[in-house]
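Please read the structure below before turning to the comments.
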Amino acid sequence: MTTLQHRRLSNDSLNDFVQPLDLEPFVFSGEHRLRIAENFRRIPSVEHRRLTAWDVEVGAARGTAFAWTPANARRVIGNAGLRRVVSDRAPTCLIGIHDEVDELLLRAATGYARPGSLPHWLSSLHHAARGLVIAEAMTWASVALDALRDIAEPWLVPETDAYYDVAAARTSLRGRRDVIVASSNQQRIVVRIRSGLPTKSSGTGLRSDLAIDGLARPDGAVAQRIVGLWPDAGLVMAVDGTEINVRAGVRSLVRAAVAQQRKSHREVA
Amino acid sequence: MLRSRLHDTRVTAPRQSMPMTMTPTKEFPRIAEILRGDPASRPPSDRHTAAGLRANLEDALYLVSHGRRRSSPLLISPQDLRATFTGVVRQQAPLGRLRGILVAEILRLIAVGFVITDPYLDAVAAWMSTRPHPESKLAFDQLEPDERARLATDVTAHSVVLLQHFGHLQSTWNPRSSVSIIQHLGGGDVIVRDRIDLVVGSSSSLHSSVALFDVITGPLDNSSELVLNYHALLETLRTGVVPLRVVALSTATGEVLRHDVTTSLLQQAATLVSESIARKWSKP
């Protein structure tokens, strides 16, 4: 049976959830990877398929095409600002975020940003709209820092999300991760920060992120636990890296691919 | 030679002017200073009251629901609190609503140290980048030129008051703007929502340091106070820590409303939320 722990967000509850566990986490073997690839290959797709935990949570009900807004740019820029603070490259989140925005703008100015990318979009904005991007990122980083400040274990903000390309299945999986708590025995706990309220499918989404995080690693070792943090709601949920949870996560991803395929068939029809 | 020329050019002859008292312009209370207060006098963080408040709300909800579940959740927002107080749900005029939205954008910008050059244009550019709510966007697009000019003047005037009163916010206070709060009650039967214009301070510090700020483009009234108390209640439920104080500024009058958050203030807010739930629960 899959497990999902659920508590009110406080410094104590978060600290409890990120303590190292007496748990041998699941490891993806080569055989596991082959079977996963076979499952995805059975679901044909004309275009390259990109799946995230969000697709798992909303099923086929995904809305309009992606377009940058200050609200959806805040995670990338806010996390980058937070990373600078954690690594002592910036004294405050705001300075870290300003530095990050400057770096992104420099990338756009020197021609290293492709159309549609974050630097390209940022460079096209009115300066006040760019100010709002900074305000959004600042809110994201401050809320995260406030929640994570008192974690007893060492933690870091990863440079990128977890990506896994399923072999010969025209499918990429993206696992979101905002913070990695690396405990003393070198085991990892992944933390995701989410907006709004958790829904009935949030646990399923966490399991999918947990599975992708393991698949993205060359050794296939899954994190001991994934913790979902909903600061707006003051809630925290956790899923342990057991085999049952990881298998459930992979199954949800395959189901999401099926749902996407059916949706595209309906649209064509 | 130089002395005589100076003498010639003076309007008032030497020793003819009377002693004069210089009166500096009226000092406004700076919001940043009010939010911060005196760090030495901050009380220890209260991490115990939240559980009691939640229990009170759950008990009050049970008295209304008698354990019956709803097919769709009941939504409670600050507007419902105002309606509990005044007896009617007040609908804001489109121009007033747009003014409020745009001034809130200005607050978000100045909270991160953005230098405002043209309040109206900056606010509109910032707002448009957020993909605004279609209803508000339509109201903005349908404004007549004279209405738009009035909106621009209004936003500029209110922004000037805000800028005069706000002061400088240290980035170490971690300002969070337009902070959304959503709380479930009764296993999800009731969803209590809120959005606070600005939050500063940390809920993880040993001493209470979180301050909540709202900018109001109308005059302050009793309902403004209720909404501030509601903000304090929801922040307490969200973080489990009682905030230090709540502050509101009316950009229409320049008045500032400030309350240090106490248990009785939070209980009043919880009672009002319970009343709002009871009033809305019985409606089909």
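The values are calculated or read from the model by the stated rules, or taken from the named source; none is laboratory data. What you see is a predicted model, and the numbers here were worked out from it, not measured in a lab. Using ideal geometry, Cβ is built from the backbone for each residue, glycine included, and neighbour counts are taken over all protein chains shown.
Tabulated values for the structure
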| quantity | calculated |
| --- | --- |
| For A:VAL227: the one exception among (1) closer than 27 Å to A:ALA65 by Cα; (2) at pLDDT 95 or above | (1) |
| Single match in A:GLY196, A:GLY220 (criterion: in contact with a strand residue (DSSP E or B) (Cβ under 8 Å, 6 or more places away or on another chain), within 14 Å of another protein chain (Cβ to nearest Cβ) and surrounded by fewer than 18 Cβ atoms within 10 Å (Cβ to Cβ)) | A:GLY196 |
| Residue in the range B:223-241 that is within 14 Å of chain A (Cβ to nearest Cβ), assigned to a loop (DSSP other than H, G, I, E, B) and crowded, with 22+ Cβ neighbours inside 10 Å present | yes |
| Any chance A:ARG174 is closer than 22 Å to A:ARG33 by Cβ, touching a His at 6+ places or on another chain (Cβ under 7 Å), among the charged types (D, E, K, R) and in the same structural domain as A:SER29 (by TED's automatic domain parsing) | no |
| When residues of the range B:127-184 are limited to those that are of a type in the set (Lys, Arg) and under 28 Å from A:ILE95 (Cα atoms), the one modelled with the highest pLDDT | B:ARG176 |
| Candidates A:ILE77, A:ILE97, A:ILE43 - the one that is among the aliphatic types (A, V, I, L, M), in the same structural domain as A:PRO218 (by TED's automatic domain parsing) and touching a residue at least 24 places away in the same chain (Cβ under 8 Å) | A:ILE43 |
| Per-region count, the range A:119-149, residues free of Cβ contacts under 8 Å to residues at least 12 places away in the same chain and more than 9 Å from every other protein chain (Cβ to nearest Cβ) | 1 |
| Among (1) surrounded by fewer than 22 Cβ atoms within 10 Å (Cβ to Cβ); (2) within 25 Å of B:SER41 (Cα to Cα); (3) more than 10 Å from every other protein chain (Cβ to nearest Cβ) - the single one B:ILE196 does not satisfy | (1) |
| Residue in the range A:173-186 that is of a type in the set (A, V, I, L, M, F, W, C), under 20 Å from A:ASP55 (Cα atoms) and surrounded by 18 or more Cβ atoms within 10 Å (Cβ to Cβ) present | yes |
| Selection from the range B:32-56 of residues that are touching a residue at least 60 places away in the same chain (Cβ under 8 Å) and either assigned to a loop (DSSP other than H, G, I, E, B) or within 14 Å of chain A (Cβ to nearest Cβ) (or both) | B:GLY37, B:ARG42, B:PRO43, B:SER45, B:ASP46, B:ARG47, B:THR49, B:ALA50, B:ALA51, B:LEU53, B:ARG54 |
| Test: residue in the range A:128-136 that is more than 21 Å from the chain's Cα centre (by Cα) and surrounded by fewer than 16 Cβ atoms within 10 Å (Cβ to Cβ) | no |
| Residue selected from the range B:242-260 under the condition among the β-branched types (Val, Ile, Thr) and more than 14 Å from every other protein chain (Cβ to nearest Cβ), by the criterion surrounded by the fewest Cβ atoms within 10 Å (Cβ to Cβ) | B:THR253 |
| Criterion violated by B:ARG68 - all others in (1) more than 30 Å from A:ALA67 (Cβ to Cβ); (2) touching a residue at least 40 places away in the same chain (Cβ under 8 Å) satisfied | (2) |
| A:LEU82 in contact (Cβ under 8 Å) with a residue 60 or more places away in the chain and within 14 Å of chain B (Cβ to nearest Cβ) | yes |
| Failed criterion for A:VAL56 (all others in (1) under 29 Å from A:ARG130 (Cα atoms); (2) in contact with a Leu (Cβ under 7 Å, 6 or more places away or on another chain) hold) | (1) |
| Total residues in the range B:118-142, condition over 22 Å from A:ALA137 (Cβ atoms) and surrounded by 16 or more Cβ atoms within 10 Å (Cβ to Cβ) | 4 |
| Among (1) outside the structural domain of A:VAL258 (by TED's automatic domain parsing); (2) in contact with a helix residue (DSSP H, G or I) (Cβ under 8 Å, 6 or more places away or on another chain); (3) closer than 30 Å to A:GLY214 by Cα - the single one A:GLY116 does not satisfy | (2) |
| Sole residue being modelled with pLDDT of 95 or more and in contact with a Phe, Trp or Tyr (Cβ under 9 Å, 6 or more places away or on another chain), chosen from B:ASP214, B:ASP194 | B:ASP194 |
| Number of the condition not met by A:LEU82 [criteria: (1) at pLDDT below 95; (2) under 23 Å from the mean Cα position of the chain (by Cα)] | (1) |
| Top-ranked residue of the range B:157-179 - restricted to ones that are buried (at least 19 other Cβ atoms within 10 Å of the Cβ) and polar (S, T, N, Q), ranked as farthest from the other protein chains (Cβ to nearest Cβ) | B:SER159 |
| Restricting the range A:69-79 to residues that are part of a helix (DSSP H, G or I) and among the β-branched types (Val, Ile, Thr), the residue that is farthest from the other protein chains (Cβ to nearest Cβ) | A:VAL76 |
| Count of the range A:210-269 residues which are of a type outside the set (Ser, Thr, Tyr) and not in a helix (DSSP H, G or I) | 27 |
| Top-ranked residue of the range A:85-99 - restricted to ones that are over 23 Å from the mean Cα position of the chain (by Cα) and more than 14 Å from chain B (Cβ to nearest Cβ), ranked as surrounded by the most Cβ atoms within 10 Å (Cβ to Cβ) | A:ARG89 |
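Residue by residue, here is whether (1) within 8 Å of chain A (Cβ to nearest Cβ); (2) under 22 Å from B:GLY218 (Cβ atoms); (3) touching a helix residue (DSSP H, G or I) at 6+ places or on another chain (Cβ under 7 Å) holds:
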residue: B:TYR120; (1), (2), (3): no, yes, yes
residue: B:SER129; (1), (2), (3): yes, no, yes
residue: B:HIS133; (1), (2), (3): no, yes, no
residue: B:SER136; (1), (2), (3): no, yes, yes
residue: B:ASP141; (1), (2), (3): no, no, no
